[in-house]
1. Simple spin-label model, 7 Å along Cα-to-Cβ: HIS126 to ASP79 in nm?
2. With a ≥ b ≥ c taken as the square roots of the eigenvalues of the C-alpha gyration tensor of the stretch 40-106, please select rounded if a/c is under 1.5 and otherwise prolate if a/b is larger than b/c or oblate if it is not?
3. According to the square roots a ≥ b ≥ c of the eigenvalues of the Cα gyration tensor, what is the shape class of the stretch 138-263, taking rounded for a/c under 1.5, prolate for a/b larger than b/c otherwise, and oblate for the remainder?
4. Along the Cα→Cβ direction, 7 angstrom out, place labels at MET148 and LYS111. What is the inter-label distance in nm?
5. Would you work out which of ALA193, HIS106, PHE168 lies farthest towards the positive end of the dipole of the stretch 48-202? Charges go on Cβ: Lys and Arg +1, Asp and Glu -1.
6. When a/c reaches 1.5 or more, the comparison of a/b and b/c decides; with that in mind, is the stretch 131-191 rounded, prolate or oblate per its Cα gyration tensor?
7. Using the per-residue mean of other Cβ atoms lying within 10 Å as a proxy for protection, in what order, highest first, do the peptides 115-121, 232-238, 175-181 fall?
8. For the stretch 100-122 and the stretch 45-91, what is the centre-to-centre distance using only Cα atoms, to the nearest Å?
Amino acid sequence: MNARTQAEAKALPEVPGYQPRAVTQAAFAPDFISRMAANDAAAAPERHEIYHFVHKGLRAAMSDALVRLGRVDLDSAVDRTEVPAAVADLLQLCREHLEHENNFLHTAMEKVVPGSSHACADDHMHHVKTIADLKTRLDEAATAEPLMRERAFKVLYRLLASFVAENFAHMEIEESANTELLWRHYSDADLLAVEHQIHAHIKPERMMTWLRWILPNVTRQQRAVMMRGMQAAMPAELFGGVLEMVKPHLSEVERAALVADLA
């Protein structure tokens, strides 16, 4: 046995009686992959996906908060202030989002198929509790004494990671199963009307927060369509505020593309 083989044997010791499970081509793909493929086929010509943009924004906000929490400088008073604030902002977005879904999308689902929203509503109840638990842990980490600080932030990080993982799986169910149900019973005009109801429910200052996460985290083409629509519908001063808000969150190439797309 050469040195490399010996090193590998130490790194990967054999476990008596254990055989790794073989992966066969006959293995079933997860259900959500099948549903996603079915939805893609059903969406030709393109149907309106009511969850798509807001979930892109949420995934970006969740990923950003989790990464920042994982690399926080515990000796920096600035980091110990700004990073917990970013997590708190994320939790606020999550609270608002599940309320929007409960009040508008689940209502639309229940009107056509009673009981169809129950599984997601149960998830939301669990998320409400988890958000409260995270807020408690967040407060503890932000005020922890130096000797307890690393442990408090580590616990918060792991809890947030679990919450993000649950939400990523939950959002895929909504984008697959819930979207299929909504497409079956509602026209795109109906879904746009529900979306407009949600937007009308959001206060202007909170809408800017949502746009801060959505606009930088969609494709160039999606961002161009969305911002052209705002440019046409908003007073110039208000649209200028949106434009200045989003620019710092775009790369130099993305900013140049947006200027060209809005010209």
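Just so you know, all these numbers are worked out from the coordinates, no wet-lab data involved. Treat the numbers as computed from the prediction; the structure is a model and nothing was measured. Cβ atoms come from the backbone with ideal geometry, glycine included; neighbour counts cover every protein chain shown.
1. Distance between label points: 3.3 nm.
2. Details: a/c = 5.46, a/b = 2.24, b/c = 2.44.
Since a/c reaches 1.5 but b/c is at least a/b, the shape of the stretch 40-106 is classed as oblate.
3. Oblate is the answer for the stretch 138-263, as a/c is 1.5 or above yet b/c matches or exceeds a/b.
4. 5.0
5. Highest projection toward the positive end goes to PHE168.
6. prolate
7. Working: 115-121: 15.4, 232-238: 9.4, 175-181: 19.1.
So the order, starting with the most tightly packed, is 175-181, 115-121, 232-238.
8. 26
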